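To start, the structure itself, in structure tokens.
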Amino acid sequence: MTKKIFAACTLLLFLAISIVSFKEKEQVQPQQKQKLRKIVIDAGHGGADHGAIGKYSKEKDVSLTVAMLLQKAIAKEIPDVEVYMTRTTDIYDSPIEKANKANAAKGDLFISIHCNSADPIRHRELVGYKTVTSKNKKTKKTTTKKVPQYRTYYTPNPAKGTETYIWATGKTTQKTNALKNHEDLYIDSTTAAELKDFNPDDPEMDIILSLKTKQYFDRSARFAMTIEEEFIKTGRPSRQARQRGKGIWVLQAVAMPAVLIEIGFISNAAEEDYINSANGQQDIVSAITKAIKRYKYTLETTGIKQGSMSADKK
């Protein structure tokens with residue numbers, strides 16, 4: 001067995017031991033330990049892309065404010081973790097540019113901040129009848145009938161609460177491709193020298209990539225659930241950690257565990273006030289920071305455990 005094949009098999013065996021299937025009930029088997037050194041924070045939307053709009057605020061502005069506050073909180077409370085911001089001003093980057101920035105920064109965790117929105121609820125109400133007269137061209141007979149008349153109106157959607165998304169399991173191939181294109185982000189320095197000439201198209205590397213993708217899914221899912229647990233502690237209604245059926249492209253394109261946090265519904269007047277208030281933003285940032293601390297501790301000491309989460313077919 002050649003030296004590089006031996007190194008690949010060793011890495012494969014290590015990953016195989018550390019990763020277990022993601023099941024309904026929580027298990028206790030730990031995964032591979034790893035340092036959390038750099039977090040990429042992405043403020044959703046920006047520039048001409050304003051995102052969702054409330055009565056008086058825009059998603060792009062709220063997400064940037066919260067992202068900047070989160071950066072400061074991490075610098076203060078978790079000083080050994082570096083933070084990279086995909087934007088710090090009102091600029092627009094496409095999802096491709098965001099993913100490229102995150103991968104170039106070689107992050108260990110990707111957090112995207114967004115605001116949710118729900119369409120107004122449509123109502124249709126019977127308001128009376130209108131008498132309509134018509135004449136049959138062939139028989140020349142005249143008939144009358146009462147036609148119901150309706151009024152359509154809309155009321156604000158009461159949807160509220162937080163949601164944290166990870167990429168859908170149906171999008172695993174895209175995540176694996178992201179890892180394949182950025183092998184320097186998951187091959188540790190000890191193994192890198194042995195695998196420097198390793199062909200990424202070899203079956204052994206395909207297995208390693210597949211296992212690493214599963215590992216990142218588990219880590220993302222656990223972190224997402226931890227975030228929602230911390231939101232609940234602040235008194236916020238949680239709509240749970242979810243997979244979105246349509247996928248969230250940037251989460252699949254970054255070669256690291258990744259989540260997208262919907263901090264509240266900007267379409268709900270009370271929630272819009274909350275996510276724009278100093279107290280609300282402090283609660284949000286505090287919850288996320290505590291979740292990061294828990295994730296970091298588990299990652300670096302006992303490994304990430306398995307858990308369950310809901311699937312969103314939207």
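Within region 137-154, the residues that satisfy the criterion of being surrounded by 10 or more Cβ atoms within 10 Å (Cβ to Cβ) and closer than 15 Å to residue 123 by Cβ are 149, 150, 151, 153, 154. Do we have any residue at all in region 76-89 that's touching an Asp or Glu at 6+ places or on another chain (Cβ under 9 Å) and buried (at least 21 other Cβ atoms within 10 Å of the Cβ)? There is at least one residue in region 76-89 that is touching an Asp or Glu at 6+ places or on another chain (Cβ under 9 Å) and buried (at least 21 other Cβ atoms within 10 Å of the Cβ). Taken over region 25-45, the criterion of being modelled with pLDDT of 90 or more, of a type in the set (D, E, K, R) and either more than 20 Å from residue 257 (Cα to Cα) or not in a loop (DSSP other than H, G, I, E, B) (or both) is satisfied by 38, 42. Select from region 104-140 the residues that are touching a helix residue (DSSP H, G or I) at 6+ places or on another chain (Cβ under 7 Å) and either among the small types (Gly, Ala, Ser) or at pLDDT below 95 (or both) and write down the one among them that is farthest from residue 152 (Cα to Cα). Here the answer is 106. If a residue must be under 18 Å from the mean Cα position of the chain (by Cα) and of a type outside the set (Lys, Arg), how many such residues does region 50-64 contain? Total meeting the criteria: 6. In region 52-74, the residues that are farther than 15 Å from residue 278 by Cβ reach residues that are small (Gly, Ala, Ser) and in a helix (DSSP H, G or I) with C-beta atoms within less than 8 angstrom, at least six apart or across chains, in these pairs: 54/269; 55/269. Scanning region 94-115 for residues that are surrounded by fewer than 23 Cβ atoms within 10 Å (Cβ to Cβ) and within 26 Å of residue 287 (Cβ to Cβ) gives 95, 101, 105, 108.
The values are calculated or read from the model by the stated rules, or taken from the named source; none is laboratory data. Fair warning: this is a prediction, and the values are worked out from it, not measured in the lab. Here the Cβ is made from the backbone with ideal geometry for all residues, glycine too, and neighbour counts use every protein chain on show.
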